[in-house]
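Quick notes on the structure that follows.
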Amino acid sequence: MRKIVVAIDGFSGCGKSSTAKTVAKELGYTYIDSGAMYRAATLHFLNRMTVLTNPVEVEKSLDTLSIAFHPSEENGRQETFLNGLNVEEEIRSMRVSENVSEVSKIKEVRVELVAQQQKLGKKKGVVMDGRDIGTVVFPDAELKVFMTADLLIRAERRQKELLERGELVELDKIANNLKERDRIDSTRKESPLLKANDAVEIDTSFMDFEDQVNQIVELAKKKI
Ligand code: C5P
């Protein structure tokens with residue numbers, strides 16, 4: 001059976017990651033969370049207090065950046081490592097969410113991370129989610145999905161996720177962060193968030209999780 005690339009893009013907090021993760025499991029594919037890579041880069045820049053407008057500092061921070069994914073010993077779930085340290089929890093914090101879109105705007109950051117993503121997906125058999133996967137990272141992906149959902153519904157879902165991680169954040173603050181990230185991600189010069197012409201759009205506002213996953217798995221099976 002031939003292996004394909006499934007590219008899932010869309011706005012912040014649409015449930016792309018959890019959907020992509022389950023789709024990958026159903027297909028027996030590898031899941032790659034490109035957002036986690038931008039989040040890990042952001043944490044690294046914050047730790048080093050990198051001045052984002054200083055190209056020399058940005059370059060130095062990129063030179064010392066190493067991102068890897070390893071399965072958790074506890075439950076097999078994929079976790080993100082930054083320079084050898086498990087940062088899976090920390091990269092999901094509001095502090096990182098509030099800075100990630102500014103870091104993701106930087107051309108040098110994108111060049112580096114896109115190259116890593118292309119390497120990870122070279123052998124196909126991957127489901128990757130992000131903002132530019134179907135347009136820039138894998139423009140030839142066999143299946144492209146563009147996910148959307150109502151802002152308030154997205155904010156409520158994200159609030160629940162943060163709460164499960166022990167962080168209580170007001171709904172307004174989350175909604176504003178999602179809106180602001182969508183604005184920066186969609187209007188930036190370098191590979192803005194766009195729906196690829198050949199992407200299938202799925203609005204998940206009123207869909208249950210199982211239906212979202214099944215729809216994408218069925219679309220993928222038609223291409224295999
Ligand atoms: O997917 P997630 O919400 O974790 O992504 C966090 C941020 O990383 C996005 O808001 C966006 O700024 C950036 N990102 C990106 N390109 C990707 C994936 C994420 O610019 N492919």
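The values are calculated or read from the model by the stated rules, or taken from the named source; none is laboratory data. All of these numbers come straight from a predicted model, not from anything done at the bench. Every residue, glycine among them, receives a Cβ derived from its backbone with ideal geometry; neighbour counts consider all protein chains shown. Heavy atoms of the whole protein, side chains included, go into the accessibility calculation; ligands, DNA and RNA do not. Shrake-Rupley method; radii C 1.70, N 1.55, O 1.52, S 1.80 Å.
Details
- Taking the listed residues S104, S93, the one that is surrounded by fewer than 18 Cβ atoms within 10 Å (Cβ to Cβ), touching a residue at least 24 places away in the same chain (Cβ under 8 Å), among the small types (G, A, S) and within 16 Å of the ligand (Cβ to nearest atom) is S93, with no other qualifying.
- Among the residues making up the range 122-133, those that are within 19 Å of R2 (Cα to Cα) and either surrounded by 22 or more Cβ atoms within 10 Å (Cβ to Cβ) or within 12 Å of the ligand (Cβ to nearest atom) (or both) are V126, V127, M128.
Residues are listed down the side, and each one gets a yes or a no for (1) basic (K, R); (2) open to solvent by less than 70 Å² (accessible area, probe 1.4 Å):
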residue	(1), (2)
S17	no, yes
K21	yes, no
K25	yes, no
G28	no, yes
T42	no, yes
H70	no, no
R77	yes, no
V109	no, yes
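- Scanning the range 25-60 for residues that are over 21 Å from D185 (Cβ atoms) and part of a helix (DSSP H, G or I) yields a count of 9.
- Top-ranked residue of the range 44-58 - restricted to ones that are among the β-branched types (V, I, T) and either away from the ligand (no atom under 16 Å from the Cβ) or within 19 Å of S97 (Cβ to Cβ) (or both), ranked as surrounded by the most Cβ atoms within 10 Å (Cβ to Cβ): T50
- The range 134-156, residues that are more than 12 Å from the ligand (Cβ to nearest atom) and assigned to a loop (DSSP other than H, G, I, E, B): P139, D140, A141, E142, A149, D150
- When the range 1-52 is filtered for residues that are in contact (Cβ under 8 Å) with a residue 40 or more places away in the chain, among the polar types (S, T, N, Q) and farther than 21 Å from S205 by Cβ, the ones remaining, listed by number, are T30, S34, T42.
- Residue in the range 67-85 that is outside any helix (DSSP H, G or I), in contact with a strand residue (DSSP E or B) (Cβ under 7 Å, 6 or more places away or on another chain), modelled with pLDDT of 95 or more and polar (S, T, N, Q) present: yes
- Any hit, the range 101-110, residues being over 19 Å from Y31 (Cα atoms) and of a type in the set (D, E): yes
- Residue match in the range 170-181 (condition: closer than 30 Å to K222 by Cα, out of contact with any strand residue (DSSP E or B) (no Cβ under 8 Å at 6 or more places or on another chain) and away from the ligand (no atom under 13 Å from the Cβ)): no
- Consider the range 136-151 and keep the residues that are surrounded by fewer than 22 Cβ atoms within 10 Å (Cβ to Cβ) and among the β-branched types (V, I, T). The one that is nearest to S205 (Cα to Cα) is T148.
- Among the residues making up the range 165-211, a single one is hydroxyl-bearing (S, T, Y), open to solvent by less than 20 Å² (accessible area, probe 1.4 Å) and over 17 Å from the mean Cα position of the chain (by Cα): S205.
- Flag if I67 is in contact with a helix residue (DSSP H, G or I) (Cβ under 6 Å, 6 or more places away or on another chain), under 17 Å from R110 (Cβ atoms) and hydrophobic (A, V, I, L, M, F, W, C): yes
- Contact map, the range 186-201: first residue farther than 13 Å from T148 by Cα, second residue open to solvent by 50 Å² or more (accessible area, probe 1.4 Å), Cβ cut-off under 7 Å, separation 6 or more or different chains; pairs are R188/K105; E190/K105; E190/K107; S191/V136.
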